[in-house]
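Visitor: I'd like to ask you about the structure that follows.
The values are calculated or read from the model by the stated rules, or taken from the named source; none is laboratory data. All values derive from a computational prediction rather than experimental measurement. Positions of Cβ are generated from backbone atoms using ideal geometry, with glycine treated the same way; all protein chains shown enter the neighbour counts.
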């Protein structure tokens with residue numbers, strides 16, 4: 001085993017930084033037992049999701065520890081939200097490289113504590129290991145949903161309107177800014193883009209409210225085009241997205257305004273963690289009301305249609321002139 | 001992202017090797033959705049556990065892929081068993097280094113398929129990533145237990161008998177054999193020890209049967225002394241273990257017979273994945289009956305007592321002469 005020379009022992013580390021995060025969740029037993037108990041509420045079932053993040057792959061090695069923790073947790077909460085589930089708790093496997101300091105762990109745990117308050121979840125278990133490799137964080141999030149009501153990818157029907165929450169493309173532009181690829185954009189304009197890359201905003205206040213409204217739902221992690229493609233594939237349909245209707249933040253509009261080719265990155269880049277869902281046209285009024293109530297924009301960007309005919313893309317994105325945009329890549333894949 | 005040049009794409013990999021492992025579990029949705037649904041049976045609640053394993057830390061990088069998969073799964077099933085839970089399903093985060101071949105992934109999935117049949121579980125979700133670091137596998141296992149009946153660490157009482165399933169120390173001696181530290185032991189004798197190191201046997205047939213019998217329970221992963229110490233700590237008691245009563249396999253007896261100092265390794269080494277539990281003396285008949293029924297030895301090895309007084313070890317291990325054995329280290333810790 002690779003020792004973490006500067007860290008206190010494993011049990012001390014858990015007692016000092018992680019056990020406090022389990023307080024308030026009875027079935028976590030203060031992280032003093034081997035497993036945790038989760039009981040769904042009456043009429044509910046458990047929804048589970050896991051996603052891992054790796055330094056140098058999903059985040060930058062010198063990203064602030066607290067934000068790394070929050071991102072690792074939030075990408076999982078985002079999936080629960082897109083499925084209509086209310087998050088309950090999570091487990092955490094930490095693979096720490098030898099250079100990890102106790103200060104880093106403290107800041108990491110503080111990030112988790114902040115998000116636990118924001119999202120009403122608790123840490124209920126996990127595993128802490130030394131690794132000779134890069135910092136690796138696996139989170140497993142558990143939520144609950146009314147029995148049989150989980151929002152699936154496969155329920156879309158031809159004619160359904162495609163909606164997206166918030167704004168699209170900020171994260172991919174933030175990463176581009178960090179890479180120095182947005183040279184003409186000033187720091188103040190780039191800052192909120194970078195913030196969105198580092199700290200996704202899972203739409204937990206909207207997800208559970210979509211039950212009864214959405215016919216299919218997914219969170220945008222691989223990119224708008226790719227994730228809409230996932231809905232198309234299992235719903236056995238095609239989709240038309242009207243590019244100009246895709247909601248952009250004001251800094252994203254500036255970045256795209258100076259270089260139209262960046263629109264492609266916006267439509268195919270990952271890490272947005274907005275909810276992309278379909279609903280019948282008749283539900284539009286209820287969707288608008290939900291947006292007003294939550295204060296989060298929900299924008300219609302296109303519609304589902306029969307298809308695909310052979311050789312035609314499942315997801316067709318149209319530019320302002322109604323011409324198809326054909327991006328070189330459809331979205332993020334891990335290999 | 002570090003590309004895995006020899007592997008098919010992420011989605012193809014999932015479709016080819018992992019989606020088939022989800023067949024038969026409705027809430028896994030064929031791994032075609034973002035999350036899975038798990039509903040506990042009537043009167044039951046969900047028990048969750050996660051443990052990660054890293055190449056070069058928890059297993060040897062050239063261990064057979066199928067056995068690596070089985071070990072990663074089994075260490076988690078072992079915890080569920082020790083808590084009295086019936087395993088249902090699991091999630092899997094795979095961090096694959098660049099040199100990973102498709103053959104390796106195929107053999108890994110075959111190992112999982114074998115264990116799914118043995119233990120009646122299904123894969124319900126996960127995440128596949130390329131990593132620049134060592135192969136890392138995080139498993140989260142879910143089981144169910146009758147509401148409120150989970151076996152905890154903290155229920156032991158003074159006078160309770162300490163029992164252990166199977167045999168102790170095989171895994172640590174197997175690792176020693178692999179390291180060339182058992183030079184006088186022939187290959188045929190060492191083979192079953194090495195097998196136990198590579199492939200733990202979670203006691204899923206015994207765990208759920210301990211509900212109503214055991215007052216406290218834990219699986220031996222950190223080592224007999226350390227894990228018994230965990231029970232002592234939360235039960236606020238001390239324990240006496242009679243060394244000669246600790247059950248050894250026949251190859252372990254040979255290894256300890258030629259070098260008594262190896263007994264220390266047996267009592268403090270990890271990776272046994274047997275169940276260590278306490279029960280009232282009056283339950284001994286029922287414990288014996290359970291051992292007969294399951295064909296798995298369950299051996300009384302000591303008892304719990306009040307304590308600890310200051311400066312006295314919580315776990316006292318006695319040799320054949322009744323003298324305390326004082327090991328240099330108490331058990332496995334990750335740092």
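For every residue, the table says whether it meets (1) over 30 Å from residue A:40 (Cβ atoms); (2) touching a residue at least 24 places away in the same chain (Cβ under 8 Å).
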residue	(1), (2)
B:34	no, no
B:42	no, no
B:71	yes, yes
B:76	no, yes
B:113	no, yes
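Visitor: While we're on this one: Residues in the stretch A:254-261: is at least one within 20 Å of residue A:202 (Cβ to Cβ) and surrounded by fewer than 18 Cβ atoms within 10 Å (Cβ to Cβ)?
Guide: no
Visitor: Could you list, in sequence order, all residues of the stretch A:43-57 that are buried (at least 18 other Cβ atoms within 10 Å of the Cβ) and either more than 7 Å from chain B (Cβ to nearest Cβ) or at pLDDT below 95 (or both)?
Guide: A:44, A:53, A:55, A:57 - these are the residues of the stretch A:43-57 that are buried (at least 18 other Cβ atoms within 10 Å of the Cβ) and either more than 7 Å from chain B (Cβ to nearest Cβ) or at pLDDT below 95 (or both).
Visitor: Do you know which of the residues in the stretch B:3-26 that are within 30 Å of residue B:178 (Cβ to Cβ) and more than 7 Å from every other protein chain (Cβ to nearest Cβ) is farthest from the chain's Cα centre (by Cα)?
Guide: B:6
Visitor: Kindly indicate whether residue A:117 is closer than 22 Å to residue A:291 by Cα and surrounded by fewer than 24 Cβ atoms within 10 Å (Cβ to Cβ).
Guide: So residue A:117 does not fit the description; no.
Visitor: Mind listing whichever residues of the stretch B:288-335 are modelled with pLDDT under 85, surrounded by 12 or more Cβ atoms within 10 Å (Cβ to Cβ) and over 30 Å from residue A:129 (Cβ atoms)?
Guide: B:307
Visitor: Considering only the stretch B:27-42, state which residues are part of a loop (DSSP other than H, G, I, E, B), within 11 Å of another protein chain (Cβ to nearest Cβ) and surrounded by fewer than 20 Cβ atoms within 10 Å (Cβ to Cβ).
Guide: Result: B:32, B:39.
Visitor: Residues of the stretch A:43-63 being outside any strand (DSSP E or B) and more than 30 Å from residue A:178 (Cβ to Cβ), which ones?
Guide: A:43
Visitor: Out of contact with any helix residue (DSSP H, G or I) (no Cβ under 8 Å at 6 or more places or on another chain), without any contact (Cβ under 8 Å) to a residue 12 or more places away in the chain and under 21 Å from residue B:57 (Cα atoms) - does that describe any residue in the stretch B:162-180?
Guide: yes
Visitor: Looking at (1) surrounded by fewer than 19 Cβ atoms within 10 Å (Cβ to Cβ); (2) part of a loop (DSSP other than H, G, I, E, B); (3) modelled with pLDDT under 95, find the lone condition where residue B:24 falls short.
Guide: Of everything listed in (1) surrounded by fewer than 19 Cβ atoms within 10 Å (Cβ to Cβ); (2) part of a loop (DSSP other than H, G, I, E, B); (3) modelled with pLDDT under 95, residue B:24 misses just condition (3).
Visitor: Just checking: which of the helices (runs of 4 or more DSSP H) contained wholly in the stretch B:177-272 hold 1 or more residues that are closer than 16 Å to residue B:82 by Cα and modelled with pLDDT under 95?
Guide: B:224-235
Visitor: Please determine whether any residue of the stretch A:281-296 is touching a residue at least 60 places away in the same chain (Cβ under 8 Å) and part of a loop (DSSP other than H, G, I, E, B).
Guide: There is at least one residue in the stretch A:281-296 that is touching a residue at least 60 places away in the same chain (Cβ under 8 Å) and part of a loop (DSSP other than H, G, I, E, B).
Visitor: For the stretch A:190-212, name all the residues that are over 15 Å from the mean Cα position of the chain (by Cα), within 14 Å of residue A:175 (Cβ to Cβ) and surrounded by fewer than 19 Cβ atoms within 10 Å (Cβ to Cβ).
Guide: Result: A:191, A:192.
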